[in-house]
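The values are calculated or read from the model by the stated rules, or taken from the named source; none is laboratory data. Keep in mind the model is a prediction, meaning the values are calculated, not measured. Counting neighbours? That spans all protein chains shown, and the Cβs are built from the backbone with ideal geometry, glycine included.
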Amino acid sequence: MSDTIELTELEDRKVGKDLYSYQKGAIDQIFKLFEEAPEDYHLLYQLPTGGGKTVIFSEIVRQYLKHHKKQVLVMTHRVELCKQTSGMLTEFGVSNKVVDSTANLDDQSEYNCFVAMVETLNNRLNDDKLDISDIGLVIIDEAHYNSFTKLFKFFEKSFILGVTATPLSSNIKLPMKDNYNELIVGETIESLIENEFLARAKTYSYNVGLTSLVVGSNGDYTVKSSEDLYTNAQMLSKLLQAYEERSKGKKTLIFNNGINTSIHVYETFKAAGYPIAHLDNTASKKDRALILKWFKETPHAILTSVSILTTGFDEPTVDTIILNRATKSLTLYYQMIGRGSRILKNKSSFNVIDLGNNFHRFGPWGADLDWQQIFRAPNFYLEKLLNDEDLEDNFGYEMPEALRAQFANSKDVSFDIKQTYIDAIQSRETTKVVLERSIHQHATICIENSEDVYDALDLAKQLGDDIDFRLQRYTKCISKSTHNFMDWLKNDYRVKLRLYLRDNFDTMFEEIHGRPAE
């Protein structure tokens with residue numbers, strides 16, 4: 001390609017946005033490759049959500065059209081992104097045409113830049129309704145989606161620039177290195193936070209048993225298995241409790257896997273008296289606009305949704321992101337959290353509540369990931385991720401702060417089921433002693449914080465999550481975890497704990513407190 005472009009100063013531009021130094025540097029780097037690489041080179045550029053990818057490639061389009069006598073095509077995978085991209089290009093002074101289902105050759109000569117959704121473009125090209133012979137530059141937004149690759153055959157003589165926050169293919173069988181020659185890595189999330197371009201995430205992770213989830217053909221958890229887990233009363237209660245502990249009174253965006261789950265979430269929060277709306281892809285354009293307007297203008301609003309807001313949605317007033325779902329997709333994990341990362345004058349951080357063990361699987365949002373290695377060897381990265389059983393083996397039950405305050409007299413409320421099981425086996429004891437010792441420890445902490453047996457029984461009722469966690473660990477140890485057995489075990493444990501408290505309260509109270517019970 002010819003006509004070297006110097007971008008140390010953004011010459012004579014009176015439209016668009018002022019670019020930051022890192023954005024100018026990225027544009028310089030990309031244009032350098034324009035000049036040096038073959039005309040059919042495939043380049044991938046990585047920049048975190050919120051770093052301004054659309055701004056960067058809009059300026060690239062403007063400069064490219066100014067210095068080259070060829071056309072540009074920008075591809076997106078969703079209609080909202082298509083409209084936003086077209087609007088941004090117009091801000092940069094680039095006259096563009098959105099290719100819709102009625103697009104044809106009639107007015108194509110009037111434009112040098114086209115914006116298209118991948119499926120619409122594929123149909124138009126297969127029907128010979130568009131002339132692409134003069135397309136010199138193709139830009140692909142959210143390039144990690146594999147739906148774009150089927151169109152590459154139409155642009156064998158075009159320079160392709162893919163942009164993404166996460167250069168990891170949505171399909172493990174189609175690695176991005178097979179479709180792109182090179183990756184340029186942009187600013188890190190940490191750098192953007194330090195320089196006050198993004199807000200910092202404060203993550204609160206709540207351990208969740210995920211072994212009931214089923215992985216589908218796309219490599220992620222199925223909607224059905226997710227809904228079976230996340231619509232049960234226990235999980236809905238845990239979600240509400242997490243919100244009240246970490247986000248009450250803050251603008252909150254909840255991500256779910258499944259419409260039915262989101263509706264259950266809506267009903268749960270509505271019944272608790274919180275301002276909440278539900279949004280999924282069945283909503284009309286009018287309803288969607290009204291809901292998003294309400295969410296923007298309502299100070300403590302809660303919006304529960306089903307993944308449709310992971311891209312193309314920017315609402316800086318969001319204070320909390322709740323991941324009410326598990327995912328095996330690093331990209332989705334980063335996209336969901338990124339919705340809360342926009343800064344405001346009085347906002348430098350935001351909360352993330354994780355109810356899907358995602359933090360344990362992928363690490364903190366903004367961790368120092370080696371994107372070059374992930375691009376070159378995605379299987380190596382994916383194989384290192386822990387599976388659900390391994391993740392849960394590393395869990396320890398952490399009592400919620402409000403509940404822990406009720407056990408303030410106890411120095412330690414934890415109990416290691418696995419180690420107790422190992423000790424019992426080594427001592428040639430029966431495995432039932434594991435639960436007997438667990439019940440004794442539960443009774444001890446209840447009595448340590450009670451004045452009479454009724455107080456102790458009330459505290460025991462609040463140990464449900466801890467009891468269930470211990471029993472899950474126990475059934476793994478004994479390799480017996482059928483649904484019926486688990487239900488029986490949960491009920492049996494609770495009955496035995498109540499009986500133990502009634503039978504032993506007076507004796508244990510005097511041992512613990514050094515005085516008789518009143």
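Within the range 307-357, the set of residues being over 28 Å from Glu398 (Cα atoms), among the hydrophobic types (A, V, I, L, M, F, W, C) and in contact with an Asp or Glu (Cβ under 7 Å, 6 or more places away or on another chain) comprises Ile308, Ile343.
Yes or no, residue by residue, for (1) more than 23 Å from Asn387 (Cα to Cα); (2) in a helix (DSSP H, G or I); (3) touching a Leu at 6+ places or on another chain (Cβ under 9 Å); (4) not assigned by TED's automatic domain parsing to the domain that holds Ala272:
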position	(1), (2), (3), (4)
Lys224	no, yes, no, no
Asp228	no, yes, yes, no
Lys238	no, yes, yes, no
Glu244	yes, yes, no, no
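If you take the residues of the range 1-51 that are aromatic (Phe, Trp, Tyr) and assigned to a loop (DSSP other than H, G, I, E, B), which of them is modelled with the lowest pLDDT? Step by step, filter the range 1-51, then rank; the result is Tyr20. Remark: pairs (first residue in the range 351-365, within 13 Å of Leu239 (Cα to Cα); second residue of a type in the set (A, V, I, L, M) and part of a loop (DSSP other than H, G, I, E, B); Cβ separation under 9 Å; 6+ apart in sequence or on different chains) = Asp354/Val208; Leu355/Val208; Leu355/Ala326; Gly356/Val208; Gly356/Leu210; Gly356/Ala326. Checking Phe380, Phe362 one by one, the residue that is within 20 Å of the chain's Cα centre (by Cα), outside the structural domain of Val163 (by TED's automatic domain parsing) and closer than 23 Å to Lys328 by Cα is Phe362 and no other.
Annotation: Gly93 fulfils all but one of (1) at pLDDT 85 or above; (2) surrounded by 16 or more Cβ atoms within 10 Å (Cβ to Cβ); (3) closer than 18 Å to Leu137 by Cα; the unmet one is (2). Note on the range 316-412: enclosed helices (runs of 4 or more DSSP H) holding 1 or more residues that are over 30 Å from Tyr180 (Cβ atoms) are 358-362, 388-393, 401-406. Screening Thr54 against (1) crowded, with 18+ Cβ neighbours inside 10 Å; (2) among the hydroxyl-bearing types (Ser, Thr, Tyr); (3) not in a helix (DSSP H, G or I) leaves a single unmet condition, (3). Looking across Gly219, Gly186, Gly258, Gly273, one residue alone is on the phi > 0 side of the Ramachandran plot and surrounded by 18 or more Cβ atoms within 10 Å (Cβ to Cβ). It is Gly258. Scanning the range 225-257 for residues that are under 19 Å from the mean Cα position of the chain (by Cα) and more than 17 Å from Asp354 (Cα to Cα) turns up just one, Ser225. If the condition is being in contact with an Asp or Glu (Cβ under 9 Å, 6 or more places away or on another chain) and aliphatic (A, V, I, L, M), then the range 387-418 contributes Met399, Ala402, Leu403, Val413.
Of the strands (runs of 3 or more DSSP E) lying entirely inside the range 155-211, those carrying at least 3 residues that are touching a residue at least 24 places away in the same chain (Cβ under 8 Å) and not β-branched (Val, Ile, Thr) are 159-164, 200-205. The number of residues in the range 291-306 being part of a loop (DSSP other than H, G, I, E, B), out of contact with any Asp or Glu (no Cβ under 7 Å at 6 or more places or on another chain) and among the β-branched types (Val, Ile, Thr) comes to 1.
Candidates Lys432, Lys384: the one that is more than 30 Å from Ile512 (Cα to Cα) and free of Cβ contacts under 8 Å to residues at least 60 places away in the same chain is Lys384.
Assess whether Leu240 counts as being modelled with pLDDT of 95 or more and either under 25 Å from Leu292 (Cβ atoms) or out of contact with any helix residue (DSSP H, G or I) (no Cβ under 9 Å at 6 or more places or on another chain) (or both). So Leu240 passes the test. Residues that are in contact (Cβ under 8 Å) with a residue 24 or more places away in the chain and out of contact with any Asp or Glu (no Cβ under 8 Å at 6 or more places or on another chain) were ranked within the range 212-223; the one that is farthest from Arg473 (Cα to Cα) is Asn218.
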